[in-house]
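Here is the structure we will look at.
No lab work stands behind these numbers, since they all come straight from the coordinates. Note that this is a predicted model, so its numbers are computed, not measured. Positions of Cβ are backbone-derived with ideal geometry, glycine not excepted, and every protein chain shown enters the neighbour counts.
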Amino acid sequence: MPYLVCTSIFIVSKNKHKIKIYGWIAYIAGLLIAVIHIIPQEYIVKTITAIIPISILVLFAQVIATNMKYNIKDIAITLFGICYIVIFLLYIPMIRETPNGRITVWYVFLAAWGTDIFAYCIGKRFGKHKFSKISPNKSIEGCIAGAIGAIFFMTTYTWICNQYLGMNFQYSYIIIIAIVLSLVGQIGDFSASSIKRYTGIKDFSNLIPGHGGMLDRIDSVIFIAPFAYFLLMLI
């Protein structure tokens, strides 16, 4: 997981805007994703809320120590990478540590997968109305189909959980959550596209030939995770 942070943050430093990145801070923050599981559950939320003020303090201390070799834009981009990747992804282990978390954590991925699969299949075949210039291949029809896909995947999983795992999840709540998470995931997808357009790159990396990097594969999951945490607490 730290690889995701380093790839996504350092790719910005290579773009046309010539932004300098505090790489070592990004690496340290990224390691939290790997070690969060060894932190006692009661301290996870406190750890996450402490990341931002500590990061800001360290970043400005570095500005002072280097006699303003870095500027406020460099700090903002570095902090954005930490918040966007590290903090958002940390909500996945937080969900897993909740009651029935090993079951409910799959809703994060099912919402993303259902949205991506239906949006791609329906949008490619029936998409006529373009949604945004940020991602010209996406259509309104595909976005609607994505929400339907999330509902289908999540309600099917809910039926399995209720039938075979002894759960009693309410389908009406799951449908509402599916719609919200699908919309959030699609915003996350567009957000990743806007970052790539700003930096002038096609993919975040070439780790997976033909598919880009790991961040390209989980851009919607990143956005869904924190909202899924709060919404799943309702059930």
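Assorted remarks:
- Under 12 Å, Cβ to Cβ, from Q41 - net charge with Lys/Arg +1 and Asp/Glu -1: 0
- Under 5 Å from the amide H of S139 lie the amide H atoms of F131, each residue being 5 or more positions distant or on a separate chain, with H modelled from the backbone and absent for Pro and chain starts.
- Label-to-label distance for K128 and F80 is 3.7 nm, based on points extended 7 Å past Cα in the beta-carbon direction.
- For the stretch 23-106, averaging the sequence separation of C-alpha pairs within contact (under 8 Å, six or more residues apart) and dividing by the residue count gives a relative contact order of 38 percent.
- Other residues with beta-carbon under 9 Å from the beta-carbon of G185 carry, at +1 per Lys or Arg and -1 per Asp or Glu, a net charge of -3.
- Estimated translational D of the stretch 101-158 in µm²/s (Stokes, Kirkwood radius over Cα pairs; 37 °C; 0.692 mPa s): 284 µm²/s
- Above 19 Å, the calculated P(r) of the stretch 99-235 contains 51 percent of its Cα-Cα pairs.
- Rounded to 0.05, the FRET efficiency of the C121 and S191 pair, given R0 = 30 Å and the Cβ-Cβ distance, is 0.85.
- Reciprocal of mean inverse Cα separation for the stretch 132-184 (Kirkwood radius, Å): 12.1 Å
- Across all Cα pairs in the stretch 39-134, the calculated P(r) in 10 Å bins from zero up to the longest distance comes to 13, 26, 24, 23, 12, 1 percent per bin.
- Kirkwood hydrodynamic radius of the stretch 93-133, from inverse mean 1/r over distinct Cα pairs, in Å: 12.2 Å
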